[in-house]
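Single-structure report; data block below.
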Amino acid sequence: MRAAGSTTSALKSGVRRLLGRTGFDIVRSTDNRGGVDDFIPFEATMRAARAAGLSVGDYLDGVMNGTPGATQSTIDELRALGVFADSPKTVLEIGPGSGRYLEKTLKECAPDRYEIYETAAPWAAHLVETFGVVARPAQGSSLAPTPDASVDLVQAHKVFNTVTFLCAVRYFFEMARVTRPGGRIVFDVMTETCLDPETVRTWATEGGAGHDSYPAAMPRRTCVDLFATLGCGLEAGFLAPMGVATTEVLVFRKDA
Ligand SMILES: C[S@@+](CC[C@H](N)C(=O)[O-])C[C@H]1O[C@@H](n2cnc3c(N)ncnc32)[C@H](O)[C@@H]1O
């Protein structure tokens, strides 16, 4: 990695202060119904990533978050679980932000259409321009422009632990609706698996200050039982790093 200049250092220390409070990376939203109220400025972050000679995703993982390889490790787990094995032709991602998961997903498969629902306008525009994805209007928790049973892979990473319970569960219904039979639904939530007493203490003492909506917990069983009623069975779950602790990535498959 090339040495970063003084502007980059200043940005990094500012961002570190911010991340010390939030524990993870978030972007300003133009219509932020999830209560995320801090941001990583688009232009400055892009400049810093370029100066470091990294993609913005790798810059966020390695430099800003201090967890190099974290995004790739989730993608590796998903590959091992066979999520990309059927070569998804249509992918939909909620809240891609900088696009760090999007970029790596596109290395695993070559969908004909990749739709995004992202409330942060500058980042959404960047993803459209860079990756040729289709940005849909993100309003609350609706995927209305996407037809029923039309998507092979629906995913959201580090989104449902930043928004309210209602925002998340309304998206859950929509995710099940748009997924085609046999398709996959992948998202992470901070479940009870991630919340032993010691970890709760760590969050209470070190994480999340200044963000009422982060980290938001979601019972695992609520997800599993709800998706079961929507014809989607849990295939797998694994932990991924988030802030001062972890989040649980859940993989569902819609009945064929
Ligand atoms: C913590 S960031 C995660 C970004 C990205 N998925 C990642 O892991 O790097 C949460 C993202 O969700 C977006 N977001 C917040 N509320 C949303 C909503 N209601 N619909 C769609 N995106 C939303 C934010 O703008 C932000 O990009």
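Taking all protein chains together and a probe of 1.4 Å, list ARG79, ARG220 from the most accessible to the least accessible. Write down the numbers at each step before the final one.
Details: ARG79 105, ARG220 70 Å².
If we order ARG79, ARG220 from most to least accessible, we get ARG79, ARG220.
Show ASP148, ASP196, ASP61 ordered by accessible area, largest first, where the area counts protein heavy atoms only and the probe is 1.4 Å. Don't skip to the end; give the middle numbers.
Values: ASP148 100, ASP196 70, ASP61 5 Å².
I get ASP148, ASP196, ASP61, largest accessible area first.
Taking a probe of 1.4 angstrom, what is the accessible area of GLU198 in Å², to the nearest 10?
The value for GLU198 is about 110 Å².
Which aspartates and glutamates, on any chain, are close to LYS104 with Cα under 12 Å apart, when same-chain ones fewer than 8 places away are left out?
Reachable aspartates and glutamates: ASP58, ASP76.
Starting from the Cα of VAL134, step 7 Å along the direction of its Cβ; do the same at ALA256; then give the gap between the two resulting points in nm.
The two pseudo-label positions are separated by 2.6 nm.
Keeping all protein chains in the complex and leaving out DNA, RNA and ligands, what accessible area do you get for SER55 with a 1.4 Å probe, in Å² to the nearest 10?
40 Å²
Amide H neighbours of GLU235 under 5 Å, at least 5 residues apart or on other chains, H built in the peptide plane: list them.
Residues meeting the criterion, in which the H sits 1.01 Å from N, are VAL251, PHE252, ARG253.
With a 1.4 Å probe and all protein chains kept in place, how do LYS254, LYS107 rank by accessible area, largest first?
Working: LYS254 35, LYS107 145 Å².
Accessible-area ranking of LYS254, LYS107, largest first: LYS107, LYS254.
Modelling each spin label as a point 7 Å along the Cα-to-Cβ direction, I'd like the LYS107/ALA228 distance in nm, to one decimal.
The modelled label-to-label distance comes out at 3.7 nm.
Need one value: the accessible area of THR130 in square angstrom, 1.4 angstrom probe, rounded to the nearest 10.
80 Å²
Taking the Cα atoms of the range 125-208, what is the range of coordinates along each of the three principal axes, in descending order and whole Å?
Extents along the principal axes: 43, 31, 20 Å.
Length gain on complete extension for the stretch ALA121 to PHE173, per 0.36 nm per residue less the alpha carbon to alpha carbon distance? Kindly include the intermediate steps, with their values, before the conclusion.
On the way: separation 52, 0.36 × 52 = 18.72 nm, distance 2.43 nm.
Extending this stretch completely gives an extra 16.3 nm.
Rolling a 1.4 angstrom probe over the protein heavy atoms, how many square angstrom per residue are accessible across the range 106-256?
On the way: 6360 Å² over 151 residues.
On a per-residue basis, 42 Å².
Semi-axes of the equivalent ellipsoid for the range 70-254, please: Cα gyration tensor eigenvalues, times 5, square-rooted, ordered largest first, whole Å.
Details: eigenvalues 121, 69, 53 Å².
So the equivalent ellipsoid measures 25, 19, 16 Å along its semi-axes.
The values are calculated or read from the model by the stated rules, or taken from the named source; none is laboratory data. These numbers were taken from a predicted model, which means no experiment stands behind them. Every residue, glycine as well, gets a Cβ built from its backbone with ideal geometry; the counts of neighbours run over all protein chains shown. We work out accessible area using only protein heavy atoms, side chains counted, and drop any ligands, DNA or RNA first. Shrake-Rupley method; radii C 1.70, N 1.55, O 1.52, S 1.80 Å.
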